[in-house]
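To keep things clear, I will list the structure first and then write my remarks on it.
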Amino acid sequence: MSILLGRSPGRPTPEAAPAHTGSRTTRILGAVTLAGVVGLCLCAFIFSPPDSRPGPEAGTRIGQFDAVRLMYVHVPAAIWTYVALGTCAMASAVYLWRRSAWWDRLAHACAEIGVVLCAITLITGMIWGRPVWGTWWEWGDVRLVTTLVLFLVYAGYLAMRSVPAAPEARARRASILGLGGAVLIPIVNRSVEWWENRTLHQQSTLEELRIEDLTLFTLVLGIFVMGVLALWLAVHRFRLAWLEAEAESAGLRAALAERRAEAAEPAAPTAGSGEGTPSAGAAGS
Amino acid sequence: MREVLLVAAKDLRIELRSRVLLFQVAPFAVATLVLLGFALDADRSALRHFSAGLFWVAVLLTALLAAQRSVAVEHAGRAADALLLSATGPARIFAGKALALAAQLAALELLLGVAMVVLYDARIEHFGLAVASAAAATVGIAAAGTLYGVLAAPLGVRETLLPVLLLPVFAPVLIGATRAFGDALGTAAVNGWAWFGLLGLFALVYAVFGALAYGPLLEAET
Amino acid sequence: MTHAGYIAAGWSISAALLVGYAVMILLRGRRLSGRVPARRRRWMTAED
């Protein structure tokens with residue numbers, strides 16, 4: 001927990017505290033991400049070879065050729081999509097059990113990052129599928145269709161979260177939704193699998209590719225970099241959720257304090273003849 | 001069990017009195033079926049071939065309206081509070097409401113089934129399979145609709161939010177019920193009973209999940 | 001390089017989405033920080 005909220009809660013801070021969601025942890029994660037992205041680009045575009053191997057007929061070559069370079073984004077994004085949305089479902093379950101806002105905010109942060117990564121997974125997958133499979137979209141593919149449903153479910157989750165409501169009630173509804181997604185996905189997967197009992201998808205990308213050492217290394221590097229990036233995003237997003245909740249209650253507190261102050265000293269009637277409400281309303285907005 | 005039936009009977013009685021189902025939802029269902037017919041051109045063989053899928057799309061769209069209606073009834077006049085005060089467990093309230101919704105959906109499906117036979121020239125070859133898979137799908141739709149309905153109900157934007165939440169959840173039902181009906185109507189060479197199993201699994205999972213989740217959701221409302 | 005257009009499109013769309021999302025989070029964090037008292041921003045109290 002200290003990674004998300006800082007190490008020493010409650011210690012008084014100088015008023016000059018930086019007004020952002022960063023800390024030393026995020027700066028380290030951010031630096032690692034930036035260095036990793038540079039390394040990943042070098043490996044993905046320059047050092048790693050295109051995928052090609054001798055075809056069945058002499059003199060021909062088959063494979064994904066340079067399209068394999070899309071895999072270095074697609075596979076890491078897919079893996080971290082599942083991790084993020086899985087964490088969201090788990091955090092939702094824990095929230096229902098413990099009822100602590102901490103888990104609710106974690107679920108929110110993970111869902112948002114998961115949806116962004118899921119969009120990247122789908123987009124890069126389609127762009128890769130066009131040259132390699134010859135189609136943008138393939139209904140017969142189980143993972144493709146399941147991932148799209150996954151995206152829709154958690155986009156709905158975020159849509160529900162964006163509706164203004166009492167924090168406690170919203171957290172409970174969201175946790176049911178987050179958990180519901182995890183309940184649904186295995187059923188969707190199974191049904192799509194039976195629906196078109198065939199799959200174009202690489203059973204495992206690692207087996208399908210002719211594994212050059214550098215190809216494998218680049219893929220693993222991509223997974224690592226995307227993981228650090230996802231963690232960096234998660235920490236910032238979590239703190240943002242914290243700030244949102246604080247700002248909400250701070251606005252309320254300010255409005256309350258103002259009203260109390262007005263009630264305590266009914267003196268100083270100005271030309272407005274006792275119109276106290278506008279200022280309180282402004283503070284609460 | 002008596003309480004479940006009481007809640008269900010209450011919902012059905014409201015429907016009988018208000019006639020919303022008869023005068024608004026049922027015409028919507030048939031209109032959907034007619035529009036889907038227009039979309040596929042007046043090609044008799046194509047219509048028959050796709051009749052199972054079109055039927056279930058119409059059912060799911062109609063189910064959205066019915067689910068919306070089922071929670072709107074509860075939300076108007078804070079009737080949900082009275083239900084909570086009646087000391088009936090949340091799981092029982094859920095079961096009762098889902099049962100009432102399932103009964104309404106079954107009536108609508110009957111209507112749509114007749115319309116499908118008349119308009120799309122569909123022929124039901126395996127009656128038992130059609131009824132069994134429709135029953136399983138209906139329970140699943142009703143359970144999911146009741147759960148997600150109460151989830152979206154207190155929010156001002158429920159008319160737009162509920163479809164966003166519910167339609168992806170219906171995806172496996174649409175796939176399963178379409179395949180099972182394809183077998184029952186003789187338009188798809190698949191094992192319909194296997195798909196009936198999947199529909200049953202969906203219904204079971206959502207009935208259990210809904211019954212467990214309903215408590216925290218009702219709490220959230222108050 | 002084969003499929004250069006596809007590769008460029010895939011990488012740049014991904015990068016744009018991630019950078020855009022990150023910038024959005026950071027900017028919203030900065031804006032909201034001003035409205036929350038410093039002692040309620042607990043991670044600021046870490047030694048940095």
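The values are calculated or read from the model by the stated rules, or taken from the named source; none is laboratory data. Predicted, not measured: the structure shown is a model, and the values here were computed from it. As a convention, Cβ positions derive from the backbone with ideal geometry for all residues, glycine included, and neighbour counts pool all protein chains shown.
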| said: I'd like the full set of residues that are of a type in the set (Gly, Ala, Ser) and at pLDDT 80 or above, limited to the range A:36-64. | reply: A:Gly36, A:Gly39, A:Ala44, A:Ser48
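Here is a yes/no grid of residues against (1) in contact with an Asp or Glu (Cβ under 8 Å, 6 or more places away or on another chain); (2) surrounded by fewer than 22 Cβ atoms within 10 Å (Cβ to Cβ); (3) modelled with pLDDT of 90 or more; (4) outside any loop (DSSP other than H, G, I, E, B):
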site	(1), (2), (3), (4)
A:Met126	no, yes, yes, yes
A:Val132	no, yes, no, yes
A:Thr135	no, yes, no, no
A:Glu138	no, yes, no, no
A:Leu148	no, yes, yes, yes
A:Tyr154	no, no, yes, yes
A:Ala159	no, yes, yes, yes
A:Ala171	yes, no, yes, yes
A:Ala174	yes, no, yes, yes
| Among the residues of the range A:184-191, is there at least one that is surrounded by fewer than 20 Cβ atoms within 10 Å (Cβ to Cβ) and modelled with pLDDT of 80 or more? | yes
| Can you name the residue in the range A:92-123 that is within 17 Å of A:Thr147 (Cβ to Cβ) and more than 9 Å from every other protein chain (Cβ to nearest Cβ) and is also farthest from the chain's Cα centre (by Cα) among such residues? | A:Leu122
| note | Counted residues in the range B:104-143 being among the acidic types (Asp, Glu) and over 10 Å from the mean Cα position of the chain (by Cα) come to 2
| In the range C:28-48, is there at least one residue being at pLDDT 90 or above, more than 7 Å from chain A (Cβ to nearest Cβ) and either under 17 Å from A:Ala234 (Cα atoms) or in a helix (DSSP H, G or I) (or both)? | no
| Could you say which residue among B:Ala207, B:Ala211, B:Ala189 is assigned to a loop (DSSP other than H, G, I, E, B) and either in contact with a helix residue (DSSP H, G or I) (Cβ under 9 Å, 6 or more places away or on another chain) or at pLDDT below 85 (or both)? | B:Ala189
| request: Could you grab me the full set of residues in the range A:124-146 that are in contact (Cβ under 8 Å) with a residue 40 or more places away in the chain, within 26 Å of C:Thr2 (Cβ to Cβ) and more than 11 Å from every other protein chain (Cβ to nearest Cβ)? | output: A:Trp133, A:Glu138, A:Gly140, A:Asp141, A:Arg143, A:Leu144
| note | Residues in the range B:69-94 that are at pLDDT 85 or above and in contact with an Asp or Glu (Cβ under 7 Å, 6 or more places away or on another chain) total 1
| request: Could you grab me the full set of residues in the range B:15-28 that are in contact with a helix residue (DSSP H, G or I) (Cβ under 7 Å, 6 or more places away or on another chain) and under 20 Å from B:Leu99 (Cβ atoms)? | output: B:Glu15, B:Val20, B:Leu21, B:Val25, B:Ala26
| request: Kindly check whether there is at least one residue in the range B:157-174 that is part of a helix (DSSP H, G or I), away from chain A (no Cβ under 13 Å) and either at pLDDT 90 or above or surrounded by fewer than 24 Cβ atoms within 10 Å (Cβ to Cβ) (or both). | output: no
| field | Every residue from the range A:89-145 that is closer than 28 Å to C:Leu26 by Cα and of a type in the set (Asp, Glu) | value | A:Asp104, A:Glu112
